[in-house]
1. Based on alpha-carbon atoms only, what is the radius of gyration of segment 129-256 relative to the globular estimate 2.2 N^0.38 Å?
2. Quick one, which of (i) 1.71; (ii) 0.99; (iii) 1.08 is the actual Cα Rg over 2.2 N^0.38 Å calculated for this model?
3. Tally Lys and Arg at +1 and Asp and Glu at -1 over the other residues with C-beta under 10 Å from the C-beta of W34: what net charge comes out?
4. Collect residues whose amide H, placed 1.01 Å from N in the peptide plane, falls under 5 Å from the amide H of F137; neighbours closer than 5 in sequence don't count.
5. Within segment 154-189, list the residues whose amide N lies under 13 Å from a label point set 7 Å along Cα→Cβ of F196.
6. State the extension gain, in nm to one decimal, for the chain segment bounded by R42 and D78, taking 0.36 nm per residue of separation less the distance between their alpha-carbons.
7. Running Debye on segment 354-430 with equal point scatterers at the Cα sites and no solvent, what base-10 log of I(q)/I(0) appears at q = 0.12, 0.17, 0.23 Å⁻¹?
8. Calculate, in nm to one decimal, what Y165 and N419 gain on full extension: separation in residues at 0.36 nm each, minus their alpha carbon distance.
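No lab work stands behind these numbers, since they all come straight from the coordinates. Since the model is a prediction, treat every value here as computed from it, not as a measurement. Every residue, glycine as well, gets a Cβ built from its backbone with ideal geometry; the counts of neighbours run over all protein chains shown.
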Amino acid sequence: MANGLVVFVLSGALAIVALAQTRQYSFVNRTLSWTDAQSYCRDVYSDLATIENIDDVYAVTNTTSHYIGKAWIGLYDDLINSWSWSLNQSSFYGEAETTFRNWDSSQPNNEGGQQYCVTLLGSGKWGDYNCGLSRDFVCYNGTVNGIASFVLVEDLKNWAAAQTYCREHYVDLASIRNQTENDRIAALRTGNSTAFVWIGLHREKLWSDSSDLQFQYWASRQPDNDNLNQTYVAANFGDSGLWSDEDESLILPFICYTTIPPNAEGFEIAGQNETSIILQWNKVNNNVSFILQFRGVDINITAPAEDIPVVVIFVNLTAGTKYTFTLLSVFKNAKSSGVSIITATAPQNTDSFRSSGQNETSITLQWNKVNNNVSFILQFNGSETNISAPAEDGPVNYTVSSLTAGTKYTFTLFSVFENIRSSGVIITAVTKHQQLQSSWTK
């Protein structure tokens, strides 16, 4: 509808569900290559599984209780495009200078599966090596007259320790932007021209959805890149979900995830009366729909195409009754944790509201009690008085005093339940005129 309004004719208690993670995982029991599994997940879900902590591991392994083999996850190796320089200041690099490479033949090859850092070889070419090996290293020490300054540090350290040293004493591990700088760094090794030295190029495995690699859960002796052809990663359901790198030609079941959408903002009561409640919230985006849970019923609601609030009206409800509503955002069958509202319909107006007596300065009002949960507000002369219902059954009597004789007054009486007022009933009443006393003189 153009105005985003949906009307449901229902009556009123609810099942609340909640999800704590940001991803909802699904086990897909069909065997595909990693790249075909990636395409399937992106078409049907969000992507192949990204795993960022041990809770994600448990969530993945709990997707099935009947499978004990390996299944693809979203982690993979890219020996061409995954490299980056330790120095990440964009102003240091000119056009295409971040992508200058001087690999030796057959390099990089990730032999042994854990070669994530780069050394300058004796030939001046580059090779990928295990970052835990100890090497001398070259630091970048800023520019002198517009020319990059490099320092050879002859102190055997692993790549991470070398990076730390360069950042503490100079600027960073050396970045090599062109062949000229490559030759200058190679020439620094005057004492040992064949020494291998660390430079600042390094990499990590990549997640299919481009998330940062913050958590790893490898099985023993993994990854190993056996046969130099194990590019993709699988989780072993028979070994607590531990990871191994696998041959790219292998076909396996796989784990997809769907991004759990955020809860809708602005979920609120837009109005209510004795028999209806109006709910309102902001749409998330055009891809997120909603489920509204009410009295054990899941109601599917599509967001309006326009950027306007979603409005839902529940009618045929019971007056003076408390209701709970839970709103879930939905994206590709993944549900948000949900937000709940507890509210109530307005109570019924009391009946038999009348003036039961008056004199020159007071008016006594009377009306029938609604029930023990409903109190009242009496409104007159711009003021309001809160009145509790008596514990016993019978009419409520209330006297308004200190009035002016012979004056008409208007009284409005509201029933109140959970701080929600009824529509109110109105009466008028008049105080008695003041009687004049006569004196006779004989």
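1. Here the answer is 1.38, to two decimals.
2. Read-out taken from this structure: (i).
3. My count for the surroundings of W34 gives -4.
4. Excluding prolines and chain starts, which carry no amide H, the hits are V153, D155, W198.
5. 157-159
6. Additional length available on full extension: 11.0 nm.
7. -0.32, -0.64, -1.09
8. Difference between extended and current length: 84.8 nm.
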